[in-house]
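Let me begin by presenting the structure, written as structure tokens, before commenting on it.
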């Protein structure tokens, strides 16, 4: 049987904004970010006459070759969380949204500090990629910026971010062009008091937990039974009340390369983080600055001030340690 075809329901033309300061708001509902940004790149190419990206692959048999995986869709729909359940942080009327930039030198210093701290502690060295280093530093700062009595207790707090399972699917990898959800959850806990430890201690704990979350999630690709447990584990983490810092976006999406014919974006914001409390992640808006990360954080004014100080202190410590 031939794979299903896509139908175009509506078309639109993006006109140049009337002024440089004008924003272009785009809303996507129930669409995985990687698919939505692929759509934006295709849309931009059509607007400028540039070479279009490869067309999407619409063939669900690619992810149902293993009979044991065919019922996962039904499980996910049955356990789908409501909007209220997914709002890990309730939105207040005075939320601020700020972007913090990590340079290549900043990220490399995190990697160096983690390696040195693991060696001194006789602990296994976590696989500290640039993504792990970014998540680890921001998570540690985010927790230290809290001022409630439980912020530095020994109770667990969690980090949650998506993992792309397409290249790891069995028996054959799923192509990048697949138009569907092959995303899994990477979830891990860390004790609050260890996460907020001064110096290298908190960063090592954070990066170790992030690396462990990735390793565990990647190991679930070949186990549909473990995939089934993801919704339940996320709900259990939220129910602990210890806090869940989730992640929206990815440097892989190349959001600053989307050009509809009137120039590259000056700034891309994921405004939904003001409601979910997630950290927003993107590559640098400076095309020549490869390896630079932009992290968006949304907090009330007092919390933002504390986070700004924690972040600035951490960057200063990294380069003077």
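Between residue 147 and residue 101, the simple spin-label model (points 7 angstrom out along Cα→Cβ) gives 2.9 nm.
Arranged from fewest to most other beta-carbon atoms within 10 Å of their beta carbon, 142, 158 become 158, 142.
The Cα-based radius of gyration of the stretch 196-284, divided by its Kirkwood radius, gives an Rg/Rh of 1.06.
Exposure proxy for 160, 204: other Cβ atoms within 10 Å of each Cβ, ordered fewest to most, give 160, 204.
May I ask you to work out the translational diffusion coefficient for the stretch 127-212 at 4 °C, viscosity 1.567 mPa s, via Stokes-Einstein with Rh from the Kirkwood sum over Cα pairs, reported in whole µm²/s? Value of D from the Cα-based Kirkwood radius: 91 µm²/s. One Cα centroid belongs to the stretch 159-179, the other to the stretch 111-134; the line between them spans 26 Å.
Panel order for 161, 260, by other beta carbons found within 10 Å of each beta carbon, from fewest to most: 260, 161.
Computed from the coordinates by the stated procedures, all read-outs in this text should not be read as laboratory data. What you are looking at is a predicted structure, and each value in this text was computed from that prediction instead of being measured. Quick reminder, even Gly has a Cβ in these numbers, built from the backbone with ideal geometry, and neighbours come from all protein chains shown.
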